[in-house]
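Report on the following structure.
The values are calculated or read from the model by the stated rules, or taken from the named source; none is laboratory data. All values derive from a computational prediction rather than experimental measurement. As a convention, Cβ positions derive from the backbone with ideal geometry for all residues, glycine included, and neighbour counts pool all protein chains shown.
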Amino acid sequence: MPDNKKFYITTAIAYASCKPHIGNTYEVILTDAIARYKRARGYDVFFMTGTDEHGRKVEQLAEAAGVEPQKYVDGISAQIKSIWDLVGASYDKFIRTTDDYHVEAVKHIFEKLYRQGDIYKNEYEGWYCVPCESFFTDSQLGEGGVCPDCGRPVSREKEEAYFFKMSKYSDKLVEYMDTHPDFILPESRKREMINNFIKPGLQDLCVSRSTFKWGVPVSFDEKHIIYVWIDALSNYITGLGYDVDEQGPLYKKYWPADLHVIGKDILRFHSIYWPIILMALGLPLPKSILAHPWFNFGNDKMSKSKGNVIYADDLIDVFGRDAVRYYCLTEMPYSSDGSITYESVISRYNTDLANIFGNLVSRTAAMTEKYFGGLIPSPSAGTEYDAELTETVRQSVEKYVQSMDAYKTAEAAEAVFAALRRANKYIDETMPWALAKDESKADKLSTVLYNLLETIRICAILLGPFMPQTCDKVLARLGTDKTEFDTVFKFGAIESGAKLGADTGMLFSRMDEAKTLQTLSAAQTKEPPEGCAQIGIDDFMNVELRSAQITDCQPVPKSKKLLKLQLDLGYEQRQVVSGIRQWYEPQDLIGKKVIVVANLKPAKLCGTDSNGMILACGEDNVRVVFLTEDTPLGERIR
């Protein structure tokens with residue numbers, strides 16, 4: 001097979017902190033569908049996925065669980081891998097960033113970048129987000145002084161660290177983006193990266209940490225561990241056997257990657273940090289990075305606090321693997337967020353899979369058994385509807401290939417279902433049951449059943465990357481060996497005289513919505529909220545909580561989220577800025593008594609001084625913790 005037929009495709013490696021929900025799982029389903037399609041087209045595909053297992057968050061979760069970090073990630077990584085297997089991911093390699101070969105290669109990569117002057121040691125002070133493992137400056141924080149990427153609280157940290165000289169390569173990266181239009185997909189996201197992150201000026205990137213230990217140590221300075229940007233991102237080459245002084249046969253064969261499939265939230269890291277690291281190493285850049293959108297629960301972001309998180313295994317228990325795969329691949333648009341609810345899954349299942357696809361296969365096979373003894377008939381005399389059906393199938397194949405080549409799976413599936421809907425209409429138009437009653441129309445009956453069987457064969461091949469188990473079952477039912485992808489381009493490949501395979505029952509039986517919703521509700525996985533590391537009483541007592549009264553409250557100029565609170569603690573007056581504007585009117589807060597973190601380091605939010613933090617709960621519906629009116633001011637809360 002010629003070299004240009006290789007195809008190396010990856011997912012972003014999943015963070016080994018907790019069980020992935022359907023939004024996380026969509027990525028591996030999408031990547032698997034693309035990989036299966038490329039294999040069907042004759043490509044030598046290498047599909048890699050895996051888990052990112054280092055970082056402070058894992059260290060904290062392991063401590064909270066009372067186990068060593070390695071034991072913690074062993075369990076989570078195994079859970080992630082089992083879910084990837086459950087959805088039918090046909091990966092060739094599952095990499096873990098705790099794998100020995102990866103750890104050693106990452107050490108050597110860091111050493112090389114340091115020796116050649118791309119990495120230097122300095123001191124860093126900034127706002128740190130634990131879930132995102134990112135530092136931010138004051139100007140980069142989101143409204144309310146939160147992480148601009150995930151919206152969670154950040155903490156002020158200062159530490160010694162190693163830095164990567166990002167600006168050294170920024171012009172070269174922009175030139176590469178401009179001369180490679182398929183580097184970032186969808187193309188609209190390229191301008192976002194250039195205008196929002198590169199043109200304002202790339203800051204040097206913090207690439208080591210010294211305040212926690214769970215990570216790959218810097219070989220020449222073991223007080224530091226190598227940060228996620230070099231550790232996790234390097235998996236795409238270390239998984240192929242790359243090391244600084246040697247490159248394994250898989251690396252030589254498959255790199256550069258043809259496609260990185262990632263979530264839109266981590267595009268900056270993959271389209272800026274990762275290419276610059278590769279440039280510094282003198283390595284080719286990946287050909288394309290596909291930044292897919294997210295699944296929302298209806299119109300809302302999935303949130304454990306809202307209880308609207310959906311998991312793949314719960315869905316598969318009710319609908320089956322292929323139905324879940326099909327829903328994910330058809331309900332997620334190419335560039336805008338998709339939506340998932342239990343009701344929409346049931347509707348799509350009943351409409352597309354049971355009514356259109358499953359019913360067509362069942363009716364056609366039953367009529368072939370009844371009228372031709374299960375033998376595929378020979379086409380001869382045509383009907384006035386034959387040309388319309390075959391032309392629709394031809395157009396569907398053409399549109400499907402164009403869409404899959406552009407990684408637009410929803411459009412590809414719609415093209416196939418246009419042919420399936422036309423086939424169902426063709427049955428109503430030709431009325432095979434009526435033709436069977438008139439011996440003079442036997443030839444027309446033969447043609448109708450042949451055309452239906454051939455349409456089903458072609459559609460089953462096209463839908464193979466979406467629903468591999470189902471489509472294998474359909475092709476087995478047809479009793480055909482014409483299952484290669486190349487046979488879809490010419491209508492009429494199924495062989496007359498061949499006998500249908502054994503009947504294995506309905507592909508998809510219609511579901512009662514009320515009963516199915518009840519089943520899903522009862523079976524829904526209940527995930528506890530992620531905890532923090534356990535602390536001792538001394539740690540807790542270091543947080544000074546005091547009662548205070550709000551004496552004045554005003555919106556912070558140029559901010560949609562911030563309120564400026566004037567607090568009376570009895571012994572002093574304080575100004576505190578809080579991101580609660582969308583939930584409270586200023587006049588409704590004046591006179592209320594609250595709890596304030598009195599020994600929090602001062603901060604400046606949107607140019608306004610803040611000397612403390614008031615306590616509140618919730619993420620999507622924030623509620624301030626109020627004290628009773630008779631609570632004395634300035635009392636210590638324990």
Every listed condition ((1) within 27 Å of Asp337 (Cα to Cα); (2) at pLDDT 95 or above; (3) part of a helix (DSSP H, G or I)) holds for Gly23 save (2)
How many of the residues making up the stretch 404-427 are within 18 Å of Pro333 (Cα to Cα) and either of a type in the set (S, T, N, Q) or not assigned by TED's automatic domain parsing to the domain that holds Ile461 (or both)? 1
May I ask you to list the residues in the stretch 138-157 that are closer than 30 Å to Met279 by Cβ and over 28 Å from the mean Cα position of the chain (by Cα)? Asp138, Ser139, Glu157
The stretch 401-438, subset outside any helix (DSSP H, G or I) and over 35 Å from the mean Cα position of the chain (by Cα), residue surrounded by the most Cβ atoms within 10 Å (Cβ to Cβ): Ala436
Being surrounded by 15 or more Cβ atoms within 10 Å (Cβ to Cβ), in contact (Cβ under 8 Å) with a residue 60 or more places away in the chain, part of a helix (DSSP H, G or I) and among the aromatic types (Phe, Trp, Tyr), is that true of even one residue in the stretch 204-217? no
Looking for something closer than 27 Å to Ile34 by Cβ and touching a helix residue (DSSP H, G or I) at 6+ places or on another chain (Cβ under 9 Å) - is there at least one such residue anywhere in the stretch 105-113? yes
At pLDDT 95 or above and either among the β-branched types (Val, Ile, Thr) or farther than 30 Å from Phe485 by Cα (or both): is that true of Ser17 in this structure? no
Let me confirm something: among Val58, Val45, Val73, which residue is closer than 30 Å to Gln402 by Cβ and crowded, with 22+ Cβ neighbours inside 10 Å? Val45
Kindly check whether there is at least one residue in the stretch 98-119 that is over 27 Å from Asp204 (Cα atoms) and buried (at least 16 other Cβ atoms within 10 Å of the Cβ). yes
Based on what the data block shows, is Val28 among the β-branched types (Val, Ile, Thr), farther than 22 Å from Arg325 by Cα and assigned to a helix (DSSP H, G or I)? no
Restricting the search to the stretch 141-173, which residues are assigned to a helix (DSSP H, G or I) and loosely packed, with under 15 Cβ neighbours inside 10 Å? Ser167, Asp171, Lys172
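Among the residues that make up the stretch 518-536, is at least one of them buried (at least 17 other Cβ atoms within 10 Å of the Cβ), modelled with pLDDT of 90 or more, farther than 30 Å from Ser446 by Cβ and not hydroxyl-bearing (Ser, Thr, Tyr)?
The first filter runs over the stretch 518-536 and keeps only residues buried (at least 17 other Cβ atoms within 10 Å of the Cβ), leaving 520.
When the remaining residues are screened for being modelled with pLDDT of 90 or more, the result is none.
Checked against the condition, which is being buried (at least 17 other Cβ atoms within 10 Å of the Cβ), modelled with pLDDT of 90 or more, farther than 30 Å from Ser446 by Cβ and not hydroxyl-bearing (Ser, Thr, Tyr), the stretch 518-536 yields no hits at all.
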Is it the case that the stretch 268-279 has a residue that's in contact (Cβ under 8 Å) with a residue 12 or more places away in the chain, farther than 30 Å from Glu125 by Cβ, charged (D, E, K, R) and surrounded by fewer than 22 Cβ atoms within 10 Å (Cβ to Cβ)? no
